[in-house]
Amino acid sequence: MTNICKLSKLTLRKWILIMKTKTLGQRIREIREEKDFSLRELAKKIQVTPAFLSDIELGRRNPSEKTLKNIGQVLDAPIEELRDYDTRFPVEDLKRLAASDPRYGFAFRKVIEKKIKLQELLKLIEKKTENKKS
């Protein structure tokens, strides 16, 4: 899992923080409301439909890089900060990792088959990381 975090440019600490906080859509809505923009106003400024923006905020759709950049510019929010809340699973990174070493694919399947909970997995990773530092 640590390699996955590295591949998707997330540190383990940041990944844990994100999992305990809000999604990208929730953060966009929060900033939009702080800036006192209505959904329709922001949608118009970033040149998308209000329905599409609503879907982004509700986590039903994901913004393209261009749309995310536009949102960041209009809301005066650094795009890197917004990306920190993007919790999409790095599917392509996982495919490359499993293709480079089939043991990763086997490990991913085992995690799914055993229904290992996120908190358990994160604790194992933290423990392993601490042991390496010692």
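The values are calculated or read from the model by the stated rules, or taken from the named source; none is laboratory data. Because the structure is predicted, anything quoted here is derived from the model rather than measured. Cβ: placed from backbone, ideal geometry, glycine included. Neighbour counts: every protein chain shown.
ALA107 meets all of the listed conditions (1) touching a Lys or Arg at 6+ places or on another chain (Cβ under 7 Å); (2) free of Cβ contacts under 8 Å to residues at least 60 places away in the same chain but one, namely (1). Filtering the stretch 112-122 for residues that are out of contact with any Phe, Trp or Tyr (no Cβ under 9 Å at 6 or more places or on another chain), among the hydrophobic types (A, V, I, L, M, F, W, C) and surrounded by 12 or more Cβ atoms within 10 Å (Cβ to Cβ) leaves a non-empty set.
Across the stretch 34-90, the qualifying residues are those that are closer than 18 Å to LYS22 by Cβ and of a type in the set (Asp, Glu), and the one among them that is farthest from the chain's Cα centre (by Cα) is GLU34. Taking each residue of the stretch 63-89 that is in the same structural domain as LEU42 (by TED's automatic domain parsing) and among the small types (Gly, Ala, Ser) and looking for partners that are at pLDDT 90 or above and crowded, with 17+ Cβ neighbours inside 10 Å with beta-carbon atoms closer than 7 Å, six or more apart or interchain, yields GLY72/LEU82; ALA77/ILE31. The listed residues are GLN73, GLN47, and the only one of them that is on the phi > 0 side of the Ramachandran plot and modelled with pLDDT of 95 or more turns out to be GLN47.
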